[in-house]
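Engineer: Before I ask anything, let me first share the structure, which is written out below as structure tokens.
Quick note: the coordinates plus some simple rules give every number you see, no bench work behind them. Quick caveat: nothing in here was measured; it's all calculated off a predicted structure. Positions of Cβ are generated from backbone atoms using ideal geometry, with glycine treated the same way; all protein chains shown enter the neighbour counts.
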Amino acid sequence: MTRPSNIAQLSRLLTFLIMLAFATVIATQSAQAERIKDLGNFAGLRTNQLVGYGVVVGLAGTGDDSLEYATIGLKGVTNRFGLALPPGVNPASKNAAAVLVTAEMPAFAKPGQRLDVTVSAIGKAKSLRGGTLILMPLFGADQEIYAMAQGNLAVGGLGVSAADGSQTTINIPSVGRIAGGASIERTVATGFESQPYLAFNLTDADLSTSLLVADAINSAMGSQQAIATDAVTIRIAAPLGAQERVMLMGKIENLIVQPANAAARIIINARTGTVVINGAVRLGPAAVSHGKLTVRVEEAPRVVQPAPFSRGQTATEQDSNIIIDEGKSSAFEIGRRASLAEIVETINSLGVAPSDLTAILEGLKQAGALTAELIII
């Protein structure tokens, strides 16, 4: 007869297993589903690149020593304060450096907000550590000023040189960063509130995912507002006015959709030998024979001495030996469609090098047993 305590333990164990199975199913589903905002972005709502030319001062002898750009920049800085340098005077020294300043201004950025800027030396400056960027403008692609930058640099690199000419460098000391170093002076008009419709662009072009996103929007809105026009763009009918469109865009971004499975692809990096295979790759029935050929050249030079009183010279006689070792060819058979796990297991059991693996995959592709797209970068 089963004791009540044992029955209670079995009941708790069964409840735990059911909850664990349910949590596993939910986790699997949530891992596959994505928010629409993670699949792309609305057209027009993008970052804008800014760039400008400036001067960094206060360096400890690691700046530009004779760069004309630094000279012109320093003269421009002094002219702002009404200080006119005499003709022929060269204010450039190793305590200053000419730099390019870059930043990215996000969509909807407003005047007064701060931006992080990156400062990079364009001359012979060895290090920007300890430098200060003098006030300078940041221009957009239309040559209009959108921000002003100034501040003290934070440099992660370090360069040290000694009197005998030896030197060492850690990271890149000629590039620095200023957190919140730029202040926005004007906004960039997006025009999204007056366009005839909204356009949502997918990051990765996929016809199936485009249709799924349009269906998810129509199901949530209860009408046929969204139309997939191509593999990237979903066109969405929207009322005019910024407030109404912002509310609609916020709702659309948080909708959950399950993207279509990615196309079968194999990425091969020919420079590093890295091979990446996604989970959609399958192998059909095939047989592969793989062998190794090793060529080894052995050099055993020998010194030959001349006979006494022969007036000969000591010479070196070369003795070379070429050895060719053709390793035993290994073969394996794929009798049915193999999954990614089976492909990896087979590759690991063969112990092939990345270059040999590339040749095997190309051969399977030519034989028709591999339907994946081979991308060599």
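Engineer: Compute the signed sum of charges (Lys and Arg +1, Asp and Glu -1) over the other residues within less than 13 Å, Cβ to Cβ, of residue 208. Don't skip to the answer; put the middle values down first.
Structural biologist: Values: positive: none; negative: 204, 206, 215, 230.
Computed value for this residue: -4.
Engineer: Quick one: dipole size for segment 191-257, taken about the Cα centre, charges +1 on Lys/Arg Cβ and -1 on Asp/Glu Cβ, in debye to the nearest 20. It would help to have the intermediate numbers written out before the result.
Structural biologist: Values: 3 positive and 7 negative charges, 37 e Å.
Around 180 debye, computed over segment 191-257.
Engineer: Separate question: Kindly put 110, 94 in sequence by how many other C-beta atoms sit within 10 Å of each C-beta, fewest to most.
Structural biologist: Neighbour counts put them in this order, fewest first: 110, 94.
Engineer: Please compute the modelled spin-label separation between residue 366 and residue 305, points set 7 Å along Cα→Cβ, answer in nm with one decimal.
Structural biologist: It is 5.8 nm.
Engineer: Separate question: Give me the distance in nm between label points sitting 7 Å out from Cα along the Cα-to-Cβ direction at residue 152 and residue 120, one decimal.
Structural biologist: Simple spin-label model gives 2.6 nm for this pair.
Engineer: For residue 116, what charge total do you get from the other residues with a beta carbon under 12 Å from its beta carbon, if Lys and Arg give +1 and Asp and Glu give -1?
Structural biologist: Around residue 116, the charge tally is +1.
Engineer: Under a Cβ-Cβ cut-off of 15 Å, what is the net charge of the residues other than residue 174 that fall near it, where Lys and Arg count +1 and Asp and Glu count -1?
Structural biologist: +3
Engineer: Continuing with the same structure: Pull up all non-local amide H partners of residue 45: gap of 5 or more, or a different chain, and H-to-H distance under 5 Å with H placed in the peptide plane.
Structural biologist: Sorted by chain and number, the residues that satisfy this come to none at all.
Engineer: Here's a follow-up. Sequence-distant or interchain residues sharing an amide H contact under 5 Å with residue 281, placed H: which?
Structural biologist: 265
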